[in-house]
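S.K.: Sharing a structure below in structure tokens format, with a few things to ask.
Read the figures in this text as sums done on the coordinates, not as results from a lab. Given the structure is predicted, the values throughout are model-derived calculations rather than measurements. We place every Cβ from the backbone using ideal geometry, glycine too, and count neighbours over all the protein chains shown.
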Amino acid sequence: MTLFICLVVIILCLFCANFLSYRILKGRTLKGRKWDLNICCGKTDGGGVNADIKRYKDIPNFVLLSSIYNLPFKDGEFRYVLCSHTMEHVDDPEKFYKELKRVGEHIVIVLPPMWDIAGAFLAVLEHKWVFLTLKKNHTELPKFVSLPFARRLQGLFGQQKRA
């Protein structure tokens with residue numbers, strides 16, 4: 001019985017940390033300003049241009065991207081760029097970040113911090129990278145390492161969410 005209670009407490013803690021990280025803090029960042037470019041927007045409207053490799057629902061000012069490494073925008077076209085929960089999915093975070101810096105003046109990258117164990121370490125079918133940070137928002141690309149077992153598992157089952 002004690003083991004069962006410990007497992008329930010651990011699962012609840014993981015859920016709460018992930019909910020705080022993904023829903024509350026991400027939402028606060030999204031609503032904190034009008035984003036000139038909300039890259040890999042998913043289902044969220046950043047207030048300016050919203051762009052992604054797939055259309056998830058009807059979002060205003062949407063641009064369908066063929067590649068995140070060669071964005072269809074001019075150099076310095078956007079002042080404020082939001083990249084939320086995308087870097088951990090991409091093949092080459094440094095190349096993608098370089099492209100974001102090309103089109104934007106102020107880049108904010110939202111990542112699952114290491115204290116969000118479920119978001120940072122357990123999403124092996126979705127994420128490729130773990131970012132070595134305790135912060136949620138970044139203006140520079142933090143150090144990162146390959147997520148253990150992710151490449152092997154994604155090779156067997158496919159990557160569930162691609163960027």
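S.K.: Gain in length, Val63 to Lys135, computed as 0.36 nm per residue apart minus the alpha-carbon separation, to one decimal in nm?
M.R.: 23.0 nm
S.K.: If r is the Cβ-Cβ distance from Asp45 to Arg151 and R0 is 41 Å, what FRET efficiency results, to the nearest 0.05?
M.R.: For Asp45 and Arg151, the calculated efficiency is 0.80.
S.K.: While we're here: Lys43: which aspartates and glutamates have alpha carbons under 20 Å from its alpha carbon, excluding same-chain residues fewer than 8 sequence positions away?
M.R.: Within the straight-line limit of under 20 Å, Lys43 reaches these aspartates and glutamates: Asp52, Asp58, Glu88, Glu126.
S.K.: Going down the list Lys26/Lys101; Lys34/Lys128; Lys34/Lys95; Lys98/Lys128, which pairs span over 23 Å between their C-alpha atoms?
M.R.: Long pairs (Cα-Cα over 23 Å): Lys34/Lys128; Lys34/Lys95.
S.K.: Excluding same-chain residues fewer than 8 positions from Lys31, which aspartates and glutamates have a Cα within less than 13 Å of its Cα?
M.R.: Of all the aspartates and glutamates, those that pass the test against Lys31 - Cα under 13 Å, at least 8 places apart if same chain - are Asp45.
S.K.: In sequence order, what are the phi-derived ³J(HN,Hα) couplings for segment 149-159 according to the Karplus relation 6.51 cos²θ - 1.76 cosθ + 1.60 with θ = phi - 60°, rounded to whole Hz, with x for glycine and proline?
M.R.: Computed from phi, the couplings for segment 149-159 are 6, 5, 4, 5, 5, 5, x, 7, 10, x, 8 Hz.
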